[in-house]
Amino acid sequence: MTELTVSADIVASVHYTGTLPENGEVFDSSEGREPLSFLVGHKQMIPGFEEEIMGSKVGEKKEFTLTSERAYGDRDDAAVMEIPRAQFAQLEAEASLEVGMQLVAQMPHGPSPFTITVLTDDAVTADFNHALAGKSLTFAVEIIELREATDDEKSHGHAHGPDGHHHH
């Protein structure tokens, strides 16, 4: 039986810590949680993450830094927009708006998270760029488990939990 490696249609379970290379700040980590499981080759992960661990075996540890092109892409100035502050009246009745707040807008294509970058009396400037867009990211990854994906998983394009999952 050949040893499985990270390759397309393999479900990989990994522990990882993501840090910002410029200051070592941790932006995401699976420490203290279940490992992250994903179906390799189905665009569930940022592109560079999969590329860098391709061919790895269980127990292997990798550390790599991705430029923004291979992570969340560059910042897009068109993704910054001004929204009339009146549209936030309902929200402001419950909470005060602050610069740096992350909110979710209901858009025609689904929920879109954004960060408030400027607040005036009349308008809210919303930045819909991913918080990590334009940044290089460093990941330390340990391969915990690899298994062949089931046909179900391949057809759905994502990993199911240990017990599978049910579509209701």
- Query: Among the residues of the range 1-29 satisfying the criterion of being at pLDDT 95 or above and among the hydroxyl-bearing types (Ser, Thr, Tyr), which is nearest to residue 138 (Cα to Cα)?
  - Reply: 19
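From the residues in the range 4-28 that are of a type in the set (D, E, K, R) and in a loop (DSSP other than H, G, I, E, B), which one is nearest to residue 47 (Cα to Cα)?
9
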- Note on the structure: Those residues of the range 30-65 which are within 29 Å of residue 104 (Cβ to Cβ), in contact with a Phe, Trp or Tyr (Cβ under 7 Å, 6 or more places away or on another chain) and either modelled with pLDDT of 95 or more or not in a loop (DSSP other than H, G, I, E, B) (or both) amount to 30, 36, 49
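Listed residues 118, 141; which is modelled with pLDDT of 95 or more, surrounded by fewer than 13 Cβ atoms within 10 Å (Cβ to Cβ) and outside any loop (DSSP other than H, G, I, E, B)?
118
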- Message: For the range 79-101, check the following and say yes or no: at least one residue is among the basic types (Lys, Arg) and under 16 Å from the mean Cα position of the chain (by Cα).
- Response: no
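The values are calculated or read from the model by the stated rules, or taken from the named source; none is laboratory data. Since the model is a prediction, treat every value here as computed from it, not as a measurement. Please note: Cβ atoms are built from the backbone with ideal geometry, for glycine as well, and neighbour counts cover all protein chains shown.
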